[in-house]
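I have placed the structure first, in the form of structure tokens, so that the comments after it can refer back to it.
The values are calculated or read from the model by the stated rules, or taken from the named source; none is laboratory data. Since this is a predicted model, take the numbers as computed values, not measurements. Cβ sites come from the backbone with ideal geometry, for glycine too, and all protein chains shown count toward neighbours. Just so you know, the surface numbers come from the protein's heavy atoms only, side chains and all, with ligands and any DNA or RNA stripped out. Shrake-Rupley method; radii C 1.70, N 1.55, O 1.52, S 1.80 Å.
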Amino acid sequence: MAGISKKKTLQCENESECVWNAGIYARLSVDNHGWKNESIDTQIEIAKEYIRKSDNIILVGCYTDLGKTGTNFDREGFDKLMADIRRHKITCVIVKDFSRFGRNYIETGNYLEKIFPFFNVRFISVSDGYDSHRTQGENDVLAVNLKNIVNELYARDCAQKVRIIKNSKLKQGCYVGGIPSYGYYAKWVDGKKVLFPEEGTSDIVRKIYELFDGGRGIQSIILWLYEQKVHRPSEYKQTGHVYCVEGETLKQWSDQTIRTILTNYVYIGTLIQIRAGEKIYRSGQKRDIEPDEVIIIEHTHEPIVGEEIFYRIACKIEEKRRIELQKKGLPKDALPEDNYKDLIYCGECGKKLKRIGTSNTKSYKVSVKTYSYGCPDIQRIDSQKCDSHFISLNAINRIVLETMRKEFNLSGIRMKTLLDFNRKQGERGEKEIEKRARKIETRIQDIDIEMSSQYMQYRAGRIDKDAFLNIKTNREMEKNNLLQEMSGQAIEVQRIRKEVDAMDEFIRNLWKGKNGIVLDGQALRCLVKRITVYKNRHVEIVFNFSKELFEQDKEGAHGK
């Protein structure tokens, strides 16, 4: 409390006698580089001109943030300004206008109305004609609030437009990231940003794959890179030298960098990019990345390594990690449902394909989990080695959806027939539950009759008390278990009905050709009987509905 009182006594009774130590704050967003009048230098010069016309304001320092959004206050330059305010080095903040200070209405208002007054900091917005130490009427306050609201709405509108443009580029396979992964450089081709293998660094990537595939461990690869004086990717970006030259510092590669290179799909010509998603707007924190926020486009650029060696290494890394978790007694990571389990087979040897997960950490510290399917015998070294190739989950989903649409269009089958087929499957499930419920009711009645009979025998002295109590305890336990099972069956019926409704929606959307349809295990098992993948990526799909529904469709048509 003493500290607060001290800060409040800093305020001058006569403002004309006060000397204000000013800090100029300037900010430039990523999307404003083309606005010359909004450059950092221009903003600072406008604030300096204001100071030159003032008799009691002294310039102490300039604080800038380049390429930072105004929708939150997580900015390095702004943090330095606030640190100097807390040290009472700065007593006046000057900006060109409110939008340069911030575009978040609530946070901006919080600084103007609470934080700055608490520190007795004067705030001046030159272009808006705002000075916190001037007497202001109701209309002035309203005008400031309206400007801040407009600034926030403008930021949201810009963000929405940027998301639309970015998502469009992502779907076209355009590279929209910053600095490309080690081994590549980006170049604009026909209005599209494309990755190309980079001379020198791409050779290092190939060598890393070659060494790991040949049996070398990650630590051994790190030692080899150090002996060859190969710069880490971070030092390469700074120096532009693949190999360390005289006068430069050679640093050891990290385990994570090697793992990232070995699990990055970019090296087989596939772009895995995160679509422009929403943010938790007011806090400025990103949401957790969901699977539907990842866009995977294959064959967008020239690969550096072959798919066979990439997936072979992915299998080794996943198996090694599983063994390490098992040794440490740690639980396996929670994995999503394998929708294609027991549905997808190798066209070369006939075995079920195994799902392989690859986790790759992006530069922005987001770990993206991707899945592929491959024959378990591809790693064998004997005569039973399978030559089948791996195929990504993304490719399988696309092929299955496209084939379903073609099947519907070419077969002439009616949507109503498919919906009836789905409903009948749900009814079968409900009938099985009802059948089990009748058995449970019958067994409960038998238990009640048996207990009544046992009690009469106990009263007649035909069985002793201990034997009766033992039978009573066992039957009551069995009855309670049956009652619990029966209560859970009502929930199971509701689950089946929800699944049927969801499947109906899936069929309608698929029939109408809507985009963004998500394949789940229920839909696959309802419509698909078997998927066979061959070496040349030829895929054969056998549907559940082909014969049965064709016949039903014809019978229904003749009946009408």
- Query: Once the other residues with Cβ under 9 Å from the Cβ of residue 126 are scored (Lys, Arg +1; Asp, Glu -1), what is the net sum?
  - Reply: -2
- Query: For residue 509 and residue 431, FRET efficiency with R0 = 35 Å and r from the beta-carbon atoms, rounded to 0.05?
  - Reply: 0.80
- Would you mind pulling out the separation of the Cα centroids of region 35-89 and region 240-257, in Å? 37
- Message: Please compare each pair in 354/385; 187/207; 352/529; 431/498 to a cut-off of 18 Å on the Cα-Cα distance and tell me which ones are over it.
- Response: 187/207
- Summing +1 per Lys or Arg and -1 per Asp or Glu among the other residues with Cβ less than 13 Å from residue 195's Cβ gives +1
- Item | Cα-only Debye scattering, region 411-472: base-10 log of I(q)/I(0) at q = 0.18, 0.21 Å⁻¹ | -0.75, -0.83
- Quick one: with all protein chains in place, what share of the accessible area of region 389-528 is carbon or sulfur, to the nearest percent (1.4 Å probe)? 50
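Counting heavy atoms of the protein chains only and a 1.4 Å probe, report the per residue accessible area for region 438-490 as a whole number of Å². Could you put the intermediate results ahead of the total?
Working: 3860 Å² over 53 residues.
Spelled out: the 1.4 Å probe surface of region 438-490, per residue, equals 73 Å².
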- What is the sum of charges around residue 478, taking Lys and Arg as +1, Asp and Glu as -1, for the other residues whose C-beta is under 12 Å from the C-beta of residue 478? -1
- Note on the structure: For region 170-237, the accessible surface attributable to carbon and sulfur atoms (probe 1.4 angstrom, ligands and nucleic acids excluded) amounts in percent to 49
- Query: For residue 485 and residue 86 in one chain, what is 0.36 nm times their gap in residues minus the Cα-Cα distance, to one decimal in nm?
  - Reply: 137.2 nm
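Can you quote the Å³ per residue value for the convex hull of the Cα atoms in region 184-224, rounded to an integer?
About 71 Å³ per residue, rounded to a whole number.
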